[in-house]
Amino acid sequence: MQDTPDVAAWAALLRVHAALVPVLDRELQAAHGLPLTWYDVLLELNAAPGRRLSMGELGAAAVVSRTRVSRVVDQLAAAGLVAREANPDDRRSAYAAITEAGRKRLRAAAPTYLAGIQRHFTARMTAREAAVVATALEKVLSAD
């Protein structure tokens, strides 16, 4: 079967993801003892209003699967990088909030993360190509 542009684009996206996620994870862990999943959750919490999100919001925002987000938050809380906060409006839900220690670790790891993205991903394309990729993928994400 000949690959159509649709199938080729999808296959390339999957291969790039499968190839680069483990590389970025290894680099963050080697330099900062911070798995990529932790970095992603800390990044989302740091960018959120009040630097906190409900577990549902975090599950929707983070790259970590919704089923895994609670476990990652538990690990981050045990490391002192995130705090769980009760939701006063709904006792069944809780918030995850980044701590000052979490913000410090995130800031320390950011140069490694950004350099890895540049070295392993965007350095292999022009700025225009990177913008086209970003725009196209954002269209897919915003379609629902």
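For residues that are outside any helix (DSSP H, G or I) and in contact with a helix residue (DSSP H, G or I) (Cβ under 8 Å, 6 or more places away or on another chain), scanning just region 96-121, find the one that is farthest from Gly80 (Cα to Cα). Once the filter is applied, the top-ranked residue is Phe121. Among the conditions (1) more than 18 Å from Asp25 (Cα to Cα); (2) open to solvent by less than 40 Å² (accessible area, probe 1.4 Å); (3) part of a loop (DSSP other than H, G, I, E, B), the only one that Ala130 does not satisfy is (3). Residues in region 66-103 that are closer than 12 Å to Asn46 by Cβ and in contact (Cβ under 8 Å) with a residue 40 or more places away in the chain: 7 in all.
For region 8-63, the set of residues classified as aliphatic (A, V, I, L, M), without any contact (Cβ under 8 Å) to a residue 60 or more places away in the chain, in a helix (DSSP H, G or I) and closer than 23 Å to Asn87 by Cβ consists of Val41, Leu45, Ala47, Met55, Leu58, Ala60, Ala61, listed by residue number.
Small (Gly, Ala, Ser), out of contact with any helix residue (DSSP H, G or I) (no Cβ under 7 Å at 6 or more places or on another chain), at positive phi and open to solvent by 50 Å² or more (accessible area, probe 1.4 Å): which single residue out of Gly33, Gly50 fits that description? Give the steps one after another, and end with the answer.
On the way: Gly33 fails: open to solvent by 50 Å² or more (accessible area, probe 1.4 Å).
Only one candidate passes the filter, namely Gly50.
Rundown of residues vs (1) touching a Cys at 6+ places or on another chain (Cβ under 7 Å); (2) over 16 Å from Ala79 (Cβ atoms); (3) surrounded by 14 or more Cβ atoms within 10 Å (Cβ to Cβ), yes/no style:
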position	(1), (2), (3)
Ala8	no, yes, no
Ala12	no, yes, no
Arg15	no, yes, no
Val23	no, yes, yes
Gln29	no, no, yes
Trp38	no, no, yes
Val41	no, no, yes
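Filter region 64-81 down to the residues that are outside any loop (DSSP other than H, G, I, E, B) and touching a Lys or Arg at 6+ places or on another chain (Cβ under 9 Å) and list them by number. I'd like the intermediate steps shown before the answer.
Applying the first criterion (outside any loop (DSSP other than H, G, I, E, B)) to region 64-81 yields 66-78.
Answer for region 64-81, where residues must be outside any loop (DSSP other than H, G, I, E, B) and touching a Lys or Arg at 6+ places or on another chain (Cβ under 9 Å): Val73, Asp74, Ala77.
The values are calculated or read from the model by the stated rules, or taken from the named source; none is laboratory data. Computed from a predicted structure; not experimentally measured. Heads up, the Cβs are rebuilt from the backbone with ideal geometry, glycines too, and the neighbour counts pull from every protein chain shown. Areas reflect the complete protein model, heavy atoms only, side chains present, ligands, DNA and RNA absent. Shrake-Rupley method; radii C 1.70, N 1.55, O 1.52, S 1.80 Å.
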